[in-house]
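The values are calculated or read from the model by the stated rules, or taken from the named source; none is laboratory data. Just so it is clear, the model here is predicted, and its values are computed rather than measured. Using ideal geometry, Cβ is built from the backbone for each residue, glycine included, and neighbour counts are taken over all protein chains shown.
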Amino acid sequence: MKFNLGDNVLFNRLLFRFLAIVLIIVIISGFAITYFVKNFYFKEKTQEIINESQVLARSLAQALAQGDLKTTQKWIKLIAELNSGHAWLVTNNGYVILSDPSSSISKEEQITSFEVEKVLNGYTISKRVESSRFDEAMMLVGLPMNYSGSNKVEAGLLIFSSVSGINSTIAQIQKIMAYSLLLAIILALIVSYTWAKDLSSKLKKMSDIAIQMSEGNFDKRINIEDDSEIGSLSESMNYLAKKLKVTIDDLTQERNKLKYVLTGMEEGVLVVDEEEKIILFNQSLQNLLNLENNLSEKKLTAAVPNQEIKDGFKKVLQTGEAEHGEFTVTNNGLERRILINYAPIYLDNDQLWAVVALFNDISERWRFEKLQQNFVANVSHELKSPLSSIKGSAEVLVDGVVQDKEREDEYLDIILDETERLSNMVEEILDLAELNTNGVNLNREEVSLKGFLIEVKNIFTKQFSKEDERLNLEFLSTDFNYSLDREKIKQVLLNLLDNAYKYSPPDTLVTLGVTEESDSIKIWVSDEGPGIPQDELQDIWKRFYKVDKARTPGKKKGSGLGLSIVKQIIEQHQGKVFVNSQLGEGSTFGFYLPKKY
């Protein structure tokens, strides 16, 4: 019989495992039989020695009681010969009185081994011993002796019997077990090979079909003619393949629907089961929270760094009730405000299965609300100061406290200045409302940029008194013509110059400049003020926004609408605004206008 053990892994495993089982059973059985037989023979031998020796020990005791050492020696010799070994008579102090053969131990030698103390304390002992005194292993039987009629042990009889006969019997049994093992291996090999070959070939067919089923091919069928459980298994797998094909098709359609829905959602979706493992998410969630690509089956605590999200899921898992909340995250340096709604998912048996969370990016609304709140606070503050001045001045005039014409004119000037300030603020709000509602109607005309900027410079400097001439203006430009809405661009530049003046320290330079780029015209206003923090530059053009904390206090402040108006006017010209600023190094505000429009 030729065995091919390399072609079929399943066959090899079945064959070797069957052989291993047979070997284990036979070996365990052999050791067990040997062990029990060995114990049986030793017990029988021990009991035989005890029974025979107890009979002879009585005669030995009589001889000892009579003080007849010669007769005692004969009995010791008889006991040694009957047991094919040695016999020692030991006093209650452990000293040897008589022994046979006498060469095995010296007379009057004290014995401290062989558990002689137990024998002298009245116990009968039996054990296997190996000692340099003997050429082979011995069976020791110790009998306590009392020959004077008292209850006290007066001597001990130690009988050493050879176990070579027992060992010979055990060796024969082991040889029989070895032959049995070899025969069992041969028979097991034949039976195992035949059975494993047949079983493995059928299982291999089913395994091949199962692999193809796992790859999505459910059209294959298993053809095995067998009346046993293997045949039933093949029919069951064929039926399973048919049902799986229908089920997988249905699940694929449902999964694709869910995938398309999740992919198309702008909101982030995250589903976590009761063990806090992530079981569902979409790309929008990863974009919102800047998470790694593969989150499936990961623990929520390891995949999501935000503690507020973790606490929200834990609370819903504990209470089983819907929750909602808001938190702020920083994604690629941009602050985002996220609205999150948690909802528990229950199974049909009302058992909490998972929690789904919907993440909405409300950053724009959040920023707008913050800007509105800031705007209301700023406008309220701005209105409070001029109204207080107007009210105070009017009360002084109405009460007739001031009789001097010159003082009266001063209070009237205060009322006029504060009224002008309120009027400008209202005009800015109305301009912004008009830009948002109707846009900008541009009245373009060809102008000389150099002349136009000189005109803006002159208009701006006329508003200063001699006391304010501490601010120097420098004009840098080359002359070329450009078509623009004169009044709107003038409004833009005056706004930028006014901001530069307000936020510049005394005796510093404000520069109004224009240069020609490859495809655009660049106009800018720079100052040497305190600058703007980098994290606020992205919001500087938004309406209602003011960077009070980074600017020089003490001068007149605006409403936060001017730069927003500038941005909308420039965008109506198809242009683009810009700002460059460093804290402590000043700021440059400007815009680009395209050469072709």
**Prompt:** Can you tell me how many residues in the stretch 577-597 are in contact with a Lys or Arg (Cβ under 9 Å, 6 or more places away or on another chain), of a type in the set (S, T, Y) and either free of Cβ contacts under 8 Å to residues at least 12 places away in the same chain or surrounded by 13 or more Cβ atoms within 10 Å (Cβ to Cβ) (or both)?
**Reply:** 1
**Request:** Search the stretch 174-197 for residues that are assigned by TED's automatic domain parsing to the domain that holds I25 and over 10 Å from V22 (Cα atoms) and pair each with any residue that is at pLDDT 80 or above and in a helix (DSSP H, G or I) when their beta-carbon atoms are under 6 Å apart and the residues are at least 6 apart or on different chains.
**Result:** none
**Message:** of a type in the set (D, E, K, R), at pLDDT 85 or above and surrounded by 12 or more Cβ atoms within 10 Å (Cβ to Cβ): is that true of E267 in this structure?
**Reply:** no
**Request:** Identify, from the list D409, D468, the residue that is at pLDDT below 80 and touching a Phe, Trp or Tyr at 6+ places or on another chain (Cβ under 9 Å).
**Result:** D468
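Quick grid of which residues meet (1) modelled with pLDDT under 80; (2) closer than 30 Å to S29 by Cβ; (3) within 60 Å of the chain's Cα centre (by Cα):
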site	(1), (2), (3)
T91	no, no, no
S102	yes, no, no
R128	no, yes, no
S132	yes, no, no
V141	no, no, no
A171	yes, yes, no
**Message:** Suppose the filter is assigned to a helix (DSSP H, G or I), closer than 17 Å to A155 by Cβ, of a type outside the set (D, E) and more than 60 Å from the chain's Cα centre (by Cα); does Q73 pass it?
**Reply:** yes
**Asked** In the stretch 110-143, what residues are basic (K, R) and under 23 Å from F40 (Cβ atoms)?
**Response** K127, R128
**Request:** Could you run through the stretch 497-544 and say how many residues are hydrophobic (A, V, I, L, M, F, W, C), outside any loop (DSSP other than H, G, I, E, B), without any contact (Cβ under 8 Å) to a residue 40 or more places away in the chain and in contact with a Leu (Cβ under 7 Å, 6 or more places away or on another chain)?
**Result:** 1
**Message:** Looking for something assigned to a loop (DSSP other than H, G, I, E, B) and either modelled with pLDDT of 75 or more or farther than 24 Å from F40 by Cβ (or both) - is there at least one such residue anywhere in the stretch 197-215?
**Reply:** yes
**Request:** Identify the single condition in (1) hydrophobic (A, V, I, L, M, F, W, C); (2) in contact with a Leu (Cβ under 9 Å, 6 or more places away or on another chain); (3) under 14 Å from L158 (Cβ atoms) that A80 does not satisfy, given that it satisfies every other one.
**Result:** (2)
**Item:** Unmet criterion (only one of (1) in contact (Cβ under 8 Å) with a residue 12 or more places away in the chain; (2) surrounded by 15 or more Cβ atoms within 10 Å (Cβ to Cβ)) for A394
**Value:** (2)
**Fill in**
Of the listed residues (F36, F31, F42), the one being touching a Lys or Arg at 6+ places or on another chain (Cβ under 8 Å) and aromatic (F, W, Y) is F42
**Request:** Can you work out which of the residues in the stretch 323-356 that are in contact with a helix residue (DSSP H, G or I) (Cβ under 6 Å, 6 or more places away or on another chain) and closer than 18 Å to K277 by Cβ is surrounded by the most Cβ atoms within 10 Å (Cβ to Cβ)?
**Result:** V355
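Which one of these is of a type in the set (S, T, Y) and surrounded by 14 or more Cβ atoms within 10 Å (Cβ to Cβ): S236, S200, S214, S232?
S200
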**Message:** List pairs: first residue in the stretch 271-297 and assigned by TED's automatic domain parsing to the domain that holds I340 and under 16 Å from E308 (Cα atoms), second residue of a type in the set (G, A, S) and crowded, with 20+ Cβ neighbours inside 10 Å anywhere in the structure, Cβ distance under 6 angstrom, at least six positions apart or on different chains.
**Reply:** V271/A354; L285/G268; L288/G268
**Fill in**
Taking the stretch 291-322 and the residues there that are farther than 25 Å from Y346 by Cβ and surrounded by 13 or more Cβ atoms within 10 Å (Cβ to Cβ), the one that is modelled with the lowest pLDDT would be L291
**Message:** What's the total number of residues in the stretch 347-380 that are part of a strand (DSSP E or B) and without any contact (Cβ under 8 Å) to a residue 12 or more places away in the chain?
**Reply:** 0
**Of residues in the stretch 148-161 being of a type outside the set (A, V, I, L, M, F, W, C) and at pLDDT 75 or above, the one nearest to S113 (Cα to Cα)** = G156
**Message:** Just the residues that are within 22 Å of S102 (Cα to Cα), of a type in the set (S, T, Y) and at pLDDT below 80, please, taken from the stretch 46-71.
**Reply:** S53, S59
